[in-house]
Every structure is written in C-alpha cells, then in structure tokens.
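Read-outs: derived from the displayed coordinates by stated rules, not from any lab. In this text, all values refer to a predicted model and were calculated from it rather than measured experimentally. Neighbour counts run over all protein chains shown; Cβ positions are idealised from the backbone, glycine included.
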Amino acid sequence: MTNKTDKLVIGGREFSSRLMVGTGKYASFEQTAQALEISGAEIITVAVRRVNLDRSKESLLDYIDLKKYTLLPNTAGCYTADDAVRTCLLAREAGMSDFVKLEVLGDEKTLFPDNEELLKAAKVLVGEGFTVLPYCSDDVILCKKLEDLGCAAVMPLGAPIGSGLGIRNPYNIKIILENVKVPVIVDAGVGSASDAAIAMELGCDGVLMNTAIACAQDPIAMAEAMKLAVIAGRLSYKAGRIPRKLYANASSPLEGMFL
C-alpha cells in the first residue's frame, strides 16, 4: 500500500499526500516555496489575516502555484465565532477557497480552542456551504458534535500550537479515531519526524504542521523528513505492528530443529 493508491479523501476531494503544511514563520517567501515543494504536501494553510490579498503588491500567493496546491485558508487569530465566520467569508470573496481550517481560540497564552464558539462557527459555515476542518481539543465528545454538524474532518491538537511537545495524549486520539467516521488529522504540537510517525501509526488520516518545519534549523531538510515520516507511519499502521509482550520471543524457534 503506497501513498499513490492509499488516498486521503476530505469533503469528496482526493489527495495523495497526508501531510498538510502551513506557510507562516519562514525566513522568506522563497524558503516557504522550497519547503512546500520538498514536503510533497498538496494542502497548504494560509492565515487569511496575515496574507496580503492585494495582488498588486508582493504576497505569499505570488510564490504558490495555485494549480498545484489546494489552499486551506485558516482563521488564525480569531477569538469569536462571528470573527471566524467573517474571516472565512472574506477569504471566499477574495477567491481563496471554501475549503477552510476553522480556528476559534480561547486565549492568547495557551491558544487552546474555545469549544463553545468553535461549534457556533462550524454550524454557520457548514450552512454557508464551506468544507470545514476545525482545529479542536482532543475531546471525543466535541469531535462527535463537530462531525454531527457536518464538518468534513476533525483536527484535534497533539499539544499546544508551536510547542513541539509531540502527542501528549495518544489515548484520547485513539478514542476519537474509534468514535468518528470523518478523517482525523492531528494539528499542532508536532516537533520532530518521530512525532509525525507516531500520529500516523495511531491510525490518524493526516498531520498538519507549520512551526516544526518553518522554525527548524534547516526547514528544507525538515520538510523532507516530515514527508518521509508521514509516509512511513502510514505504511507501518497499514502493515499492522506485532503485539507487545513482556518476555522474549525467539526469532529462530528451536522446535523442529535437528540436533
């Protein structure tokens, strides 16, 4: 099973790559473009509030081949449902996409989601015809509610945004995977390639990251590492790991041997 035949399907759209990459925090637009290319990502997030939508001036969008990538505008920096909905409507009006990553944050220190406001915004946006991918806490009840509202995927955090702590509660992620039918994409907290592989080995459908690549000492090399980790983790999950055992189990059994 390879990434060429094992497609990720979100909102009726098919993707070969299960790695989604953000476009913030890079040293330059040129570096952003290089990292995106080497990552193999097909879905890239763009913070609507931080990108220059005036195409008469230099913009990140000048460095992105919109025929190659699917834009995922996000509502980073929004703290109310009304603000998030307004931002998505602006992005669609500007011709970006109706495929959106919904963030409604609770406070500036933790950047944890505000669950109540997130549900309100998701309901409105789904009703407006958006394909909604919500960034949410690793709460199975919340994820079920978002699925029931019509969200195309759920994106539980692995750890706080930009923390690089990896997946702090893999058991919650596994419970979510067992209880929702839409794709589950780990969003936030990944710091290294091993974190990405762990997310995929749990059975997640994809991983979204920005800081782990953009703020690495060598972002281009890290982008490639993350691509390979996501592929390897997915293949490992599909292959099925051996059971964990307390005691040794010889690779070459003695039974049946002629002595």
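Considering every pair of different Cα atoms, what Kirkwood radius, in Å, is found for the chain?
18.9
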*Using 0.36 nm per residue of separation minus the Cα-Cα distance, give me the extension gain between residue 30 and residue 169 in nm, one decimal.*
46.5 nm
*Can you give me the pair-distance distribution of segment 102-198, C-alpha pairs, 5 Å bins, whole percents?*
3, 15, 25, 24, 19, 10, 3, 0
*Based on the alpha carbon coordinates of segment 133-186, what radius of gyration and maximum Cα-Cα distance (Dmax) apply, in Å?*
10.4, 31
*At 222 nm, what helix-only mean residue ellipticity would the chain give, in deg cm²/dmol to the nearest 500, using -39500 (n - 2.57) for each DSSP H run of four or more?*
-10500 deg cm²/dmol
*What range in the chain is the longest one free of chymotrypsin sites (Phe, Trp or Tyr not before Pro) that are in a loop by DSSP and have at most 12 other Cβ atoms within 10 angstrom?*
1-246
_segment 200-225 and segment 70-88: distance between their alpha carbon centers, rounded to Å_ = 23
*For segment 21-122, compute Rh as the Kirkwood radius over C-alpha pairs and then the Stokes-Einstein diffusion coefficient at 4 °C and 1.567 mPa s; write the answer in µm²/s, rounded to an integer.*
91
*Chain lengthening between residue 148 and residue 251 when straightened (0.36 nm per residue, less Cα-Cα)*: 32.3 nm
_Could you compute how fast segment 116-259 diffuses translationally, taking Rh as the Kirkwood radius over C-alpha pairs and applying Stokes-Einstein at 25 °C with viscosity 0.890 mPa s? Give it in µm² per second._
146
_Cross-link partners of residue 144 among aspartates and glutamates (Cα-Cα below 20 Å; sequence separation of 8 or more within a chain)_ = 103, 114, 116, 117, 178, 187, 205
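Over segment 48-180, what per residue volume does the convex hull of the Cα atoms give, in whole Å³?
With only Cα atoms used, segment 48-180 gives 122 Å³ per residue.
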*Multiply the residue separation of residue 79 and residue 98 by 0.36 nm, subtract the distance between their alpha-carbon atoms, and state the gained length in nm to one decimal.*
4.8 nm
